[in-house]
Amino acid sequence: MEDYRIEKDSMGEIRVPRGRLYGAQTQRSLDNFCIGAEKMPGEVVMALCEIKKAAASVNAALGVLDETLADAIVKAADEALAGDFDDDFPLSVWQTGSGTQTNMNVNEVLANRAAAILNRPVHPNDHVNRSQSSNDVFPSAMHIAASKAVIELIPTLENLGDTLSIKVHTFMKIVKTGRTHLQDATPITLGQEMSGWAAMLKRNADMLEAALPAIGNLAIGGTAVGTGLNSPKHFDIRMCELLSGNTGIAFKPAANKFQALTSKDELVFVHGALKALAMDLLKIVNDIRWLASGPRCGLGEIKIPENEPGSSIMPGKVNPTQCEAMSMVAAQVLGNDVTIAFAAGQGNFELNVYMPVIIYNFMQSCRLLTDAIRSFEVNCASGIEANEERLTYYATRSLMNVTALTPVIGYDKAAMAAKKANAEGLTLKEAVVGLGFFSEEEFDKRLDLPKMCFPESD
């Protein structure tokens with residue numbers, strides 16, 4: 001028996017592997033786009049299945065699709081959403097810029113499965129794709145998939161923020177030297193320093209929440225060019241109502257379908273919040289790498305978990321690998337942002353034709369950030385410890401502590417004392433007393449490091 005079957009489409013006959021649910025247009029895409037290893041994200045395919053499921057029901061309710069056909073399509077879509085046909089969605093990201101081939105891939109799989117259920121023909125275009133075009137379906141699927149990914153990311157981000165907040169409370173009274181420009185600065189507590197990190201993550205979560213409504217607008221109902229040709233009245237409204245109910249996410253029709261088809265500004269906007277998160281994470285892990293550097297020849301102010309050997313040649317070496325992994329994720333997200341921004345500018349006339357690469361990069365950013373944050377929280381952040389001996393050593397030696405004396409002796413004398421201490425290898429106390437600015441008792445009274453960290457408590 002032959003290992004293929006003959007399928008037909010508007011361009012003629014083509015061989016399709018026997019046993020596969022997809023049809024001619026999917027096979028043509030597989031044959032014509034042997035580019036790279038990147039596949040269309042499964043989340044986008046599932047979003048398309050959600051749309052097809054809703055469209056079948058709405059079309060039946062509006063009287064433009066037979067209810068028996070609609071029921072079979074809904075059943076096929078439910079099976080696809082359960083993961084029954086994952087191997088039948090094999091297309092590359094590098095395909096037509098409208099995502100038409102992936103839309104037709106889903107149409108063909110659901111049509112063939114529905115046909116098997118009914119034991120009668122079901123057409124991928126006339127039935128599964130009824131009242132739709134790839135040009136409004138694919139951008140709608142992009143927004144659905146992106147919304148789900150961001151919603152999944154936010155709790156993971158909040159968990160890391162909670163973990164850091166615990167550390168903030170634990171370390172709030174441990175004094176350390178502050179640093180600006182990588183140079184010594186006035187004192188701060190380790191908890192205060194880490195509270196900045198926790199606040200960044202809280203702000204990032206707030207920004208993502210605030211950005212989400214931008215991708216709650218769907219292009220569905222615009223069909224080919226935004227006019228809604230071949231889409232029944234109120235199809236877009238009914239679709240968004242049903243999709244909102246099925247997914248638990250609030251969706252509404254785009255106010256202007258012409259904008260929705262050609263512009264991808266909402267995804268650029270939301271990915272900007274992802275980029276901001278990535279850059280804050282990069283700042284945090286770089287701080288941790290500096291603070292944990294050593295163990296003997298670096299700052300060594302904090303200790304991080306020792307998860308695995310760090311060198312194939314240097315015995316006993318342990319590296320900040322979770323920080324390094326997060327740094328690479330941040331670099332990838334930044335690169336993705338450039339790609340998304342450029343691709344979003346390619347909306348020539350009525351349609352953007354870079355949509356697959358936009359959603360591929362968007363979904364990769366969400367997935368990488370979600371995974372990296374979870375890994376960092378479990379394998380690094382939760383195990384951070386303070387090296388109080390080292391923290392105290394640096395805090396008490398900082399020449400910038402002289403800042404507390406400037407209200408009494410003035411900036412110039414304070415600078416003179418700091419320079420003398422640095423040049424002659426003296427402690428700040430020795431320099432100040434030696435210059436006759438204070439007695440030892442007066443110096444000790446005025447230079448209270450904890451009070452310098454919490455001046456409002458005076």
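A short reminder: the numbers here are calculations on the coordinates, not readings from a lab. None of these values were measured; they are calculated from a predicted model. Neighbour counts run over all protein chains shown; Cβ positions are idealised from the backbone, glycine included.
Within the chain, the longest run free of GluC sites (Glu not before Pro) that sit in a DSSP loop with at most 16 other Cβ atoms within 10 Å is 39-305. Cβ crowding within 10 Å ranks SER134, SER195 as SER195, SER134, fewest other Cβ atoms first. Pair-distance distribution P(r) for the chain, from all Cα-Cα distances in 10 Å bins starting at 0: 4, 18, 21, 17, 13, 11, 8, 5, 3, 1, 0 percent.
Amide H contacts for ILE302 (H built 1.01 Å from N in the peptide plane; partners 5 or more residues away or on another chain; cut-off under 5 Å): ALA292, ASN387. Close amide-amide hydrogen proximity is noted between THR96 and GLN101, each under 5 Å apart and 5 or more residues distant or on a separate chain (H modeled in the peptide plane; Pro and chain starts excluded).
Restricting the trypsin sites (Lys or Arg not before Pro) of the stretch 273-345 to loop positions (DSSP other than H, G, I, E, B) with no more than 16 neighbouring Cβ atoms within 10 Å leaves ARG296, LYS317. Computed from the C-beta positions of ASN319 and ASP78, the FRET efficiency with R₀ = 51 Å rounds to 0.60.
Counting beta carbons within 10 Å around each of PHE342, PHE89, PHE349 and listing the fewest first gives the order PHE349, PHE342, PHE89.
In a reduced charge model with +1 at each Lys and Arg Cβ and -1 at each Asp and Glu Cβ, the stretch 398-457 shows a dipole moment near 160 debye about its Cα centre. Across the stretch 325-415, Cα pairs under 8 Å and at least six residues apart give a relative contact order of 23 percent. Computed about the Cα centre, the dipole magnitude for the chain is approximately 480 debye when only Lys and Arg (+1) and Asp and Glu (-1) carry charge, each at its Cβ.
For TYR4, what residues show an amide H to amide H distance below 5 Å, using hydrogens built from the backbone and excluding near sequence neighbours? Close amide H contacts, sequence-distant or interchain: ARG18.
Panel order for SER312, SER231, SER327, by other beta carbons found within 10 Å of each beta carbon, from fewest to most: SER312, SER327, SER231. When only the Cβ of Lys, Arg, Asp and Glu is charged (+1, +1, -1, -1), the dipole of the stretch 14-130 relative to its Cα centre reaches about 340 debye. By the combined test of axial Cα extent (at least 30 Å) and Kyte-Doolittle hydropathy (mean at least 0.0), the qualifying DSSP H helices of the chain come to 134-171, 265-291, 321-344, 355-379. Our summary gives the chain a relative contact order of 15 percent, counting only alpha carbon pairs under 8 angstrom and 6 or more residues apart.
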